[in-house]
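Report on the structure given below.
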Amino acid sequence: MPALELIVPMLAAVSLDRLLGEPRRFHPLAGFGQLTKFVEKHCYRANYISGVLSVCILLITLCFFAFWLQQIQVYGLLFAVIGLYFAIAPRSLAEHAMRVTAAFAADDLSAARAAVSRMVSRDTTQLDEAGVSRATVESVLENGNDAIFAALFWFVVAGLPGVVLYRLANTLDAMWGYRNQRYNEFGWAAARLDDVLNYFPARLTALSYTLLGNTRSAWHCWRRQAPVWDSPNAGPVMAAGAGALQVKLGGAAIYHGQLEQRPELGCGSVANRADIVRAVRLVRHTLYLWLAVISLGALLIEGFQYGA
């Protein structure tokens with residue numbers, strides 16, 4: 001891919017997100033969610049094969065469509081910008097987090113609980129200020145990868161089809177990737193595909209957090225704590241992020257009425273309201289780093305190829 005065809009859509013998509021934020025109506029993922037429900041209704045069987053076929057039906061069809069759009073002269077670049085814009089959400093992530101800090105500033109713990117409930121799947125109704133702060137920081141760090149950097153990674157690797165593949169696989173995992181009676185087998189393919197697609201982006205995100213925060217603490221936490229976390233990709237991201245900020249995350253949390261004792265991540269003091277702002281800043285600086293490195297790398301590679 002020529003350097004400008006990579007750099008221009010990337011910078012334009014990030015600029016659109018900064019200017020407009022995440023669309024509140026007519027988001028393509030909402031339409032994909034309805035399509036997913038349709039496929040599930042007609043293809044669901046409680047076995048692995050049914051799940052694999054359902055994932056293939058959805059993703060292969062839509063990725064080929066994205067490939068076709070990208071090949072259209074002149075408009076292909078525009079479709080790449082729009083597709084990447086819909087796939088990333090740095091402004092929305094920051095806004096959700098800052099609603100929590102605004103509630104804290106107003107001494108309204110109930111509002112803070114409500115705000116963080118829109119970011120996490122755990123029960124937030126009984127959280128104290130430290131619990132709300134911890135949940136918010138965890139969400140910001142993890143979604144830095146899921147909602148920003150993984151999409152950028154796959155855009156660099158495979159253009160618009162890569163973005164579509166990643167974002168739709170991530171959505172399928174959110175809808176089908178549960179370890180319960182209905183989805184344990186049917187949702188297996190969606191969950192494993194999301195793990196595979198996130199493997200390299202998650203570790204590059206963790207490396208970025210390490211470089212931009214307290215490097216020594218981040219590296220130590222990543223190396224020692226990530227392997228014991230239940231998610232192979234969230235573990236490195238959250239452990240490195242917690243170490244970079246030198247805060248403690250993890251611990252007990254209630255999911256779907258069940259208390260889960262999660263391993264502790266990070267070091268230093270327990271996360272507080274000020275650390276939410278620091279986490280948002282870390283993600284923002286990581287985004288700047290990625291834009292700079294990708295742009296410079298693309299220009300250097302193209303210059304080397306022309307020189308050769």
Query - Likely footprinting exposure, Leu172, Leu197, fewest C-beta neighbours within 10 Å first - result: Leu197, Leu172
Query - Distance between modelled label sites at Val39 and Thr61, nm, 7 Å Cα→Cβ extension - result: 0.7 nm
Report summary line: Listing Met10, Met1 by rising number of other beta-carbon atoms within 10 angstrom, fewest first, gives Met1, Met10
Requested in this report: Could you compute the FRET efficiency for Tyr178 and Phe200, with r as their C-beta to C-beta distance and R0 at 22 Å, rounded to 0.05?
Outcome: 0.35
Query raised in the report: Which value in Å is the Kirkwood Rh of region 136-175 over different Cα pairs?
Result: 10.4 Å
Report task. Set the Förster distance to 35 Å, then compute FRET efficiency between Arg262 and Leu291 from the Cβ-Cβ distance, nearest 0.05. Result -> 0.60
Query - Quotient of C-alpha Rg and 2.2 N^0.38 Å, computed over region 27-148 - result: 1.41
Report summary line: A correct fewest-to-most ranking of Phe304, Phe149, Phe86, Phe67 by other Cβ atoms within 10 Å would be Phe304, Phe67, Phe86, Phe149
Query raised in the report: Computed from the mean reciprocal separation of all distinct C-alpha pairs, what Kirkwood hydrodynamic radius does region 153-308 have, in Å?
Result: 17.4 Å
**Report entry** Expected 222 nm ellipticity per residue - DSSP helices of 4 or more, -39500 (n - 2.57), all of the chain, to 500
**Finding:** -24500 deg cm²/dmol
Query raised in the report: Among (1) 21.1, 68; (2) 19.7, 63; (3) 17.8, 59, which is the computed Rg and Dmax of the Cα atoms in Å?
Result: (2)
Report task. Post the alpha-carbon centroid distance, region 164-219 to region 94-156, in whole angstrom. Result -> 18 Å
**Report entry** Separation in nanometres of the label points that stand 7 Å from Cα toward Cβ, at Asp230 and Ile254
**Finding:** 1.7 nm
**Report entry** Segment Ser110-Leu300, length gained on full extension (0.36 nm per residue, minus Cα span)
**Finding:** 63.3 nm
Query raised in the report: Relative contact order for region 3-307 using alpha-carbon pairs under 8 Å, separation at least 6, rounded to a whole percent?
Result: 21 percent
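Laboratory data are not the source of any read-out in this text; all were calculated from the coordinates shown. Since we're looking at a predicted model, the values are computed, not measured. Ideal geometry is used to build each Cβ from the backbone, glycine not excepted, and the neighbour counts take in all protein chains shown.
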